[in-house]
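Here's the structure, in structure tokens; my notes come after.
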Amino acid sequence: MSRYFTEDHEWIDVDGDVGTVGISDYAQGQLGDIVFVDVPEAGKSLAKGDEAAVVESVKAASDVYSPVSGSVIEGNAALADEPGLVNTDPEGEGWFFKLTLSDASQLDGLMDETAYQAFVAKL
Amino acid sequence: MSDHDDEDVIIETMTLPLDGWHRAHGGRMVEFAGYWMPVQFEGIMAEHLWTRESAGLFDVSHMGQITFRGEGLVPALEAMMPADIAGLALNRARYSLLLDEGGGILDDLMLTRLPADEDGERIYMVVNGATKYDDIAHMLDHLPDDITLNLMEDHALLALQGPKAVDALVRLVPGVDALVFMQAAPFTWQGHNLWISRSGYTGEDGFEISIPAEGVEAFADALLEQPEVKPIGLGARDSLRLEAGLPLYGHDLSPEITPVMAELGFALFKRRREEGGFPGAERILAERENGPITKRVGLLVEGRQPVREGATVLDEDGSTVGSVTSGGFAPSVGAPIAMAYVPLAMATPGTRIQLSQRGKVHAATVTSMPFVPHRYVRGAK
């Protein structure tokens, strides 16, 4: 399984043609206390860069973009009752949604973990 | 991220006396009211809850501290606002509103009667940071020439808020526990002159402390050494005042809003209502008699998603009839809350209304404020 990151601080784990998407630890730290997450429903078709989810902290609302194109398999239902999972385990239990990738070549434009850490270090 | 390309004039963001102190204590600095200020330290939720249960230290030095002196000061100030200043006892503070000719709110403020000296009456006033220069220009236009006004830019202003604020502060400044809500007095700490009032904007007991800028860092250190005290940023200040039902100027109050629309009728003192003689008196007194077209209400929002400033209020047909002026997740309530202006017919507590935000409709119920009870320490009458 490989993990990729976007410049908008989403991550995607890819296993076969299934991707799991969330926001990075850096992003949750910038947002602060997460109080609400709106995840996409199964069956929703997303193009790369589409607004896929909304995450709200005490302070503000932010959009989460789909790192790749695909069809949503599942949103993380646990976030409805426990949005704080995004703070406590952003790159694990706090995942947002899973999707079937329609074009795996889109992953080529994303950063790996090392490149993303270097990217964040410059912010 | 947006930048300043569309602005004709770039105004340099200013720093406050505690700027380095905030950064050293992990404050995340943002631009606010023209100054760099901390929006949070350990996190808005934790800071909010800490203030409700212990004591939070806020830097509010961006606010305008102004002293006035001169003969005829009291009637001159009364001509600009609806407070009964003549009836204000020595060292007592009052909330008031600077009004324009039409009764619209130019700013909300606190004023305190100081002992008179050889130059006449003296008043200490605290106004909002973002409006202080406009306020001063307005007041200079309206005050007689022999009244002088001094913006105390060499002073910092701290707020220590929460049920344990008194325990922490009394260790450093003996005697502050004798003050009651909206009472003020001079004190000293390590040679620095302090002006302390028992007041604040969180709904909790607490104090606001004016101190010369050169002493504020050592004083903030001494406060932070008290086990009850943690530094608190602007984020929690906003969620605390929202839960306390207190309006924020520039959001819930503006020149388009009158005191009656804002549900600040308590600021219209009886003698002033009877005598008139404040800006917009005719309109304001008529609104008070007949009811305003629209008024500020509290809203409990269903679900978990915050509904924020800019969301619209819909009537049964889906037409826009009002707007949300403040809103967010309320840590002590555990749910999203908001303030909005709605037509009078929709303003009764218990009324169910609909809000629209980014294409999504949210249900809400009008509720009386505050959302969290005030815990001021009032004196025996």
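Read-outs: derived from the displayed coordinates by stated rules, not from any lab. All figures in this text were calculated on a predicted structure; none of them were measured in a lab. Heads up, the Cβs are rebuilt from the backbone with ideal geometry, glycines too, and the neighbour counts pull from every protein chain shown.
Some observations on this one:
- A cut-off under 11 angstrom between Cβ atoms defines the neighbours of residue B:374, and their net charge, with Lys, Arg +1 and Asp, Glu -1, is -1.
- Averaged over residues, the count of other Cβ atoms within 10 Å places the peptides A:101-112, A:26-37 in the sequence A:26-37, A:101-112, highest first.
- Structure-based [θ]222 nm, chain B - -39500 (n - 2.57) summed over DSSP H runs of at least 4, per residue, nearest 500: -6000 deg cm²/dmol
- Pairwise Cα inverse-distance average, inverted: Kirkwood Rh of the protein assembly as shown (Å): 24.9 Å
- Peptide ranges B:301-312, B:42-53 listed from the most packed, as the mean C-beta count within 10 angstrom indicates: B:42-53, B:301-312
- Number of partner chain Cβ atoms within 10 Å, mean per residue of B:305-312: 3
- Three-way shape label, chain A, alpha-carbon gyration tensor, a/c 1.5: oblate
- Neighbours of residue B:192, meaning other residues whose beta-carbon lies under 15 angstrom from its beta-carbon, give a summed charge of -4 when Lys and Arg score +1 and Asp and Glu score -1.
- With contacts taken as Cα pairs under 8 Å at a separation of at least 6 residues, chain B carries a relative contact order of 17 percent.
- Candidate lysines - alpha carbon under 29 Å from residue A:122, same-chain residues fewer than 8 apart omitted: A:48, A:59
- Mean separation of Cα contacts under 8 Å, 6 or more apart, over the residue count of chain A: relative contact order %: 30 percent
- The share of C-alpha pairs in chain B whose separation exceeds 29 Å stands at 44 percent.
- The Rg/Rh ratio for the range B:244-381 is 1.01, where Rg is the radius of gyration of the alpha carbons and Rh is the Kirkwood radius.
- The range B:320-381 and the range B:53-67 have their alpha-carbon centroids 25 Å apart.
- Here the 3J(HN,Hα) profile of the range B:281-293, calculated from phi with Karplus coefficients 6.51, -1.76 and 1.60 at θ = phi - 60°, is 4, 4, 5, 5, 5, 5, 5, 5, 6, 9, x, x, 5 Hz, Gly and Pro shown as x.
- Partners for residue B:230 among lysines (Cα-Cα distance below 18 Å; same-chain residues under 8 apart left out): B:164
- Calculated [θ] (222 nm, deg cm²/dmol) that DSSP helices of n ≥ 4 give over chain A, each run adding -39,500 (n - 2.57): -4500 deg cm²/dmol
- Lysines with Cα under 18 Å of residue A:44, excluding same-chain neighbours fewer than 8 positions away: A:98, B:360
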